[in-house]
Amino acid sequence: MPKIQLNGFPAIWFSQKTNTGAQQRIVKWTLANIRENNTSFTTRFENKFRTPILISKWHMELERRTQNPGEIVTEYAKAIRKLIKCVDSGRNWTEKQKIYSFTKRLRTNLYALWPLLALKDNSTMNMAIELAQKIENNQRMHLRFTLPIFAPAPVMASTPQVAATSFA
């Protein structure tokens, strides 16, 4: 199980709800049955910090998130994954939904991935990210080798005088 660290207000809230003597003290990570709702961390945490307003906000962020100029695929993918996790805490989204959310706002030169991946039944978001990274790396390499390299023109302190010679 991954180690989770709460900061700020969620950390204070957790400390208060797990103290001995706290009313409806949190004693379980997840609930085993519906009557344990008040003692389950996950249920109470989501009720407190995953409100409908926040979910709507995260949906809007996900819809509007675009890959910025200069932003590499890895950074963009990390941001999209984080937003998907916020929006889909129940992990109900299909891989196609995740792929679409990732590819729809990629830079124009990478957006062409969507049709390639949408047609495959076994495509995953990881596959989409890897493919986007490969295309991005290939484009970077291609630019590196196709840019013309010009040597700077020599700069002279003064213009040399050409001696006039007569040819007889």
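Can you work out which of the residues in the stretch 87-100 that are at pLDDT 90 or above and within 13 Å of Glu63 (Cα to Cα) is most open to solvent (accessible area, probe 1.4 Å)?
Gln97
Residue pairs, Cβ under 6 Å, 6 or more apart or interchain, first in the stretch 41-66 and farther than 21 Å from Lys78 by Cα, second hydrophobic (A, V, I, L, M, F, W, C) and surrounded by fewer than 16 Cβ atoms within 10 Å (Cβ to Cβ). List them.
Close Cβ pairs (under 6 Å, with a partner that is hydrophobic (A, V, I, L, M, F, W, C) and surrounded by fewer than 16 Cβ atoms within 10 Å (Cβ to Cβ)) amount to Phe41/Trp29.
Please verify whether Thr108 is modelled with pLDDT under 85 and either part of a helix (DSSP H, G or I) or open to solvent by 70 Å² or more (accessible area, probe 1.4 Å) (or both), treating the condition exactly as stated.
yes
Considering every residue within the stretch 66-80, establish whether at least one is open to solvent by 80 Å² or more (accessible area, probe 1.4 Å), modelled with pLDDT of 75 or more and assigned to a helix (DSSP H, G or I).
yes
The values are calculated or read from the model by the stated rules, or taken from the named source; none is laboratory data. These numbers were taken from a predicted model, which means no experiment stands behind them. Every residue, glycine as well, gets a Cβ built from its backbone with ideal geometry; the counts of neighbours run over all protein chains shown. Only protein heavy atoms, including side chains, enter the accessible area calculation; ligands, DNA and RNA are left aside. Shrake-Rupley method; radii C 1.70, N 1.55, O 1.52, S 1.80 Å.
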